[in-house]
Amino acid sequence: MRPLLITSFALLSLAPALRADEPKFVDLSLLIAPEYPCTWPTHPFPAFQISRLRRIGPASVYNIDSLTIDGNTGTQLDVPPHSVARPELKRPKSGELGLAYIDKTAAWQFGGEACVVDVRDLLNKAPKGESPLVRREHVARFEKKHRRLRFGDVVLFRSDYSDRYYQPLPAGSRFVSDVIDHKAPGYPDPDPDCMEFLATRKVMTLGTDSASMGPLPSLAEPTHYAGLKYGMIWTESATNLAALPPTGAFYCMMGPKHRGGPYGEGRAFGIVGGDLPKRLIDSCVNKRAIDLSPTLAPDLPVTSPGVGTGNHRQVYLKVDFLYSEYLDMWHHTHMMDSMAGTHLVPPAYALPEKDSVAYAPAVRGWLAEYEKQYGKRGVSSMTTDKVPLSWTCGEARVIDVTSLVGSTEERSWPASPEITVDHIRAFEGDRGELNEGDVVLFRTGHLDKHFRPRPNDAGVWLDPLSGKSEGWPAPGPAAIAYLKERGVRCVATDAPDLGGVDPERAAMTYWALGSRQMVGVEFLQNLEQIPERAYFLFAAVKIRDCHGGPGRAIVLY
């Protein structure tokens, strides 16, 4: 077997042509990268940063990145506490929704039927520094042409603003900075009365391809409050809305589950074609959704402490930078490992870009044994931003491996029980064969049992890694190879990772995933709640050249 180079061209040549009745995934998110205008440009909002902490080589089997990322980065999500004050403050804009942070948002509200309101006629139709206003008449125009809006709709204002102006700097200054500096017309946005009108239609989720949902220079906060006071949430800085039909597509926007987050970075996408959109829309309308992502917080064990001094990942930190007196709340950014909490494992995490790697001697021995048994390790440049959205979504097939817990002997620790081909075949014999495109979720019960705040957090990582307790069940490379044969592209787990606590077996599992063009989703919870027929949705934040990818996972049923 020759080494496998995964490139964008290769993906195009390998992807089968879609049938007319097959669903198509549409990416509606901006690319996040340091040279793009992906963060709010005014002082003191921090710039986005990605740091390459470790590279595959003598000191590491993996590519490991750290992020500094503000919730106002790229395509982003606003929730009520962005403008609604907490109830105990007893201010004019106080209310219970002042506690409805991102980690409290119900999973059903992230999705619904996309209703694309065309407001392209407003683009650049305002003085410099001012936003053209989307009024209730524009929404009524949509309703006259298509249908009346209703609960479960996601109203998307399409002006093509981000498609035109989101460019690398310095040209990208036109996206936000030139508007603030009164050098260019503002982005189109709804006025407060338009929000009030949408509330009469029971619309709870919105989106815009403008840089913000707030018209400049003076209506940003009034428009925000006009919608958020009803419990609405919305996407800011969407893009590519032209790829969606006016109605009928499924829309979803999710992001990392930051505790106490009034807004957050995320990933927006649509699904068009076939029967899948209608099925998922119906689930959201009827609130049939389950959140599978644990909360991210500094006192929770959301990143690996590693084995031995100096081998820990970047710990999850909340960094306050701007105080809002009215809300009595700090705006904050996060410093975090790119695999904090629920996250993506792309092929380039464990595969180098070039075949020749100066691994440590022990790792060279592991690789020789791996290639003897499972074929060439391969190479890849497929980072998170290059992973197709369709790879991380599909029919949920939950394989219960909780019976493996307690099956290793203490004298062998640190060790993880291995999920084998036989376990998968036993599942198929009982629940039906796996199908192409299914997402396999291994239910170990590990995080449900051990995910606790400090000082009771050792059961997640520290005790298993140090050999004080058994490791979590994890699939071996043979199991990964078998899943690929069945047409499975994405493998997920409710354990901290798919590798387990033995470093050699972990490396082989990740090599098997990457070399077979497969991806992982790690750090889930609540898998026991998933019914027999459910659809798994996960999307990582679209960060260029990222070897991890924080995100949110849900199922709709």
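Could you list all residues from segment 382-420 that are part of a helix (DSSP H, G or I), under 18 Å from Glu528 (Cα atoms) and not hydrophobic (A, V, I, L, M, F, W, C)?
Within segment 382-420, Thr402, Ser403 qualify.
Any residue in segment 305-317 that is within 23 Å of Asp27 (Cβ to Cβ), out of contact with any helix residue (DSSP H, G or I) (no Cβ under 6 Å at 6 or more places or on another chain) and small (Gly, Ala, Ser)?
Among the residues of segment 305-317, not one is within 23 Å of Asp27 (Cβ to Cβ), out of contact with any helix residue (DSSP H, G or I) (no Cβ under 6 Å at 6 or more places or on another chain) and small (Gly, Ala, Ser), which makes the answer no.
If a residue must be part of a loop (DSSP other than H, G, I, E, B) and aliphatic (A, V, I, L, M), how many such residues does segment 120-154 contain?
Count: 3.
Can you tell me which residues in segment 102-119 are surrounded by fewer than 24 Cβ atoms within 10 Å (Cβ to Cβ) and either part of a helix (DSSP H, G or I) or among the basic types (Lys, Arg) (or both)?
Asp103, Lys104, Ala107, Trp108, Gln109
Any residue at all in segment 354-370 that's within 20 Å of the chain's Cα centre (by Cα) and not aliphatic (A, V, I, L, M)?
No, because not a single residue in segment 354-370 is within 20 Å of the chain's Cα centre (by Cα) and not aliphatic (A, V, I, L, M).
So which of Leu133, Leu149 is free of Cβ contacts under 8 Å to residues at least 60 places away in the same chain and crowded, with 19+ Cβ neighbours inside 10 Å?
Leu149
Restricting to segment 165-187, name every residue that is in contact (Cβ under 8 Å) with a residue 40 or more places away in the chain and not in a loop (DSSP other than H, G, I, E, B).
Matches in segment 165-187: Gly172, Ser173, Ser177, Val179, Ile180, Pro185.
Is it fair to say Arg552 is basic (Lys, Arg), more than 12 Å from the chain's Cα centre (by Cα) and not in a helix (DSSP H, G or I)?
So Arg552 fails the test.
His224: in a helix (DSSP H, G or I) and touching a helix residue (DSSP H, G or I) at 6+ places or on another chain (Cβ under 7 Å), yes or no?
So His224 fits the description; yes.
For segment 262-301, list the strands (runs of 3 or more DSSP E) that sit wholly inside it and hold at least 2 residues that are assigned by TED's automatic domain parsing to the domain that holds Gly112 and of a type in the set (Lys, Arg); which are they?
Answer list for segment 262-301: none.
Only one of (1) over 22 Å from Pro298 (Cβ atoms); (2) in contact with a strand residue (DSSP E or B) (Cβ under 9 Å, 6 or more places away or on another chain); (3) in contact (Cβ under 8 Å) with a residue 60 or more places away in the chain fails for Ile480. Which number is that?
All conditions are met except number (3).
Here is a list of conditions, (1) surrounded by fewer than 19 Cβ atoms within 10 Å (Cβ to Cβ); (2) farther than 29 Å from Pro81 by Cβ, and Asp299 meets all of them except one; can you say which number that is?
(2)
Specify which of the listed residues (Arg489, Arg431) is closer than 21 Å to Leu344 by Cβ, modelled with pLDDT of 95 or more, assigned by TED's automatic domain parsing to the domain that holds Ala396 and not hydrophobic (A, V, I, L, M, F, W, C).
Arg489
Looking at Ala348 and the list (1) in a helix (DSSP H, G or I); (2) over 25 Å from the mean Cα position of the chain (by Cα), which single condition is not satisfied?
That leaves (2) as the condition not met.
Val176 is checked against (1) under 28 Å from Leu317 (Cα atoms); (2) under 24 Å from the mean Cα position of the chain (by Cα); (3) not acidic (Asp, Glu) and fails just one. What number does that condition carry?
For Val176, the exception is condition (2).
Return the total of residues in segment 437-451 being in contact with a Gly (Cβ under 7 Å, 6 or more places away or on another chain) and over 17 Å from Ser416 (Cα atoms).
Qualifying residue count for the region: 3.
Condition first: under 18 Å from the mean Cα position of the chain (by Cα) and of a type in the set (S, T, N, Q). Now tell me which residues in segment 22-48 satisfy that.
Ser29, Thr39
The values are calculated or read from the model by the stated rules, or taken from the named source; none is laboratory data. Only a predicted model underlies this, so the values are computations on that prediction, with no experimental measurement involved. Reconstructed Cβ throughout: ideal geometry from the backbone, glycine too, with neighbour counts over all protein chains shown.
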